[in-house]
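Down below is the structure, laid out as structure tokens.
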Amino acid sequence: MTMERTLPLAESDCTVPDLPAILGDLLPRLPYVLRFLAENHIRTTGETAAVKQALEDWLAGRPSAFEFTFQSNRILMHETTCTPALADTAGLRDALAEAGKDPAPLSPQLPVEVSVDHSIGLGYRRFGSRKCYGRPARSPRHVRGGGR
């Protein structure tokens with residue numbers, strides 16, 4: 001019995017753990033979050049017996065010292081958190097290089113997706129008798145909204 005399933009995708013095939021084959025009749029009794037964690041753990045570690053035992057213990061109400069290993073496939077950051085994180089990473093890499101150390105280990109291991117908020121609203125101000133619309137002063141100047 002195979003423990004992996006190949007899913008055909010547009011550009012290439014994707015191999016994932018076959019949870020129905022691995023967990024059997026446990027699977028439909030599990031909450032989706034435990035299915036998700038079990039799949040990620042098995043995909044990351046290849047370990048199946050300990051996961052199955054821990055899930056059986058959980059369903060039976062028995063205690064277990066098992067801990068899921070979890071590794072993200074990607075990181076999603078908003079533009080306001082991404083910029084400081086990139087600056088901090090660049091600064092740390094520079095500090096390592098200046099100290100004569102190799103900065104390569106301080107490189108991203110996962111893809112990072114940046115979510116840019118283009119819904120920055122326009123502000124309204126009055127200068128004398130003129131009404132002016134423009135970017136509010138608190139908005140970052142380097143972020144361009146869609147409503148220029």
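Looking across the stretch 7-42 at every residue that is at pLDDT below 90 and surrounded by 10 or more Cβ atoms within 10 Å (Cβ to Cβ), the one that is nearest to residue 72 (Cα to Cα) is identified as 16.
Would you mind finding the one in 131, 52, 101 that is at pLDDT 90 or above and outside any helix (DSSP H, G or I)?
Values: 131 fails: at pLDDT 90 or above; 52 fails: outside any helix (DSSP H, G or I).
Just a single option satisfies the conditions, and that option is 101.
Selection of the stretch 62-98 for residues being in a loop (DSSP other than H, G, I, E, B) and of a type in the set (Val, Ile, Thr) yields only 69.
The values are calculated or read from the model by the stated rules, or taken from the named source; none is laboratory data. None of these values were measured; they are calculated from a predicted model. Note: ideal-geometry Cβ built from the backbone for every residue, glycine included; neighbour counts use all protein chains shown.
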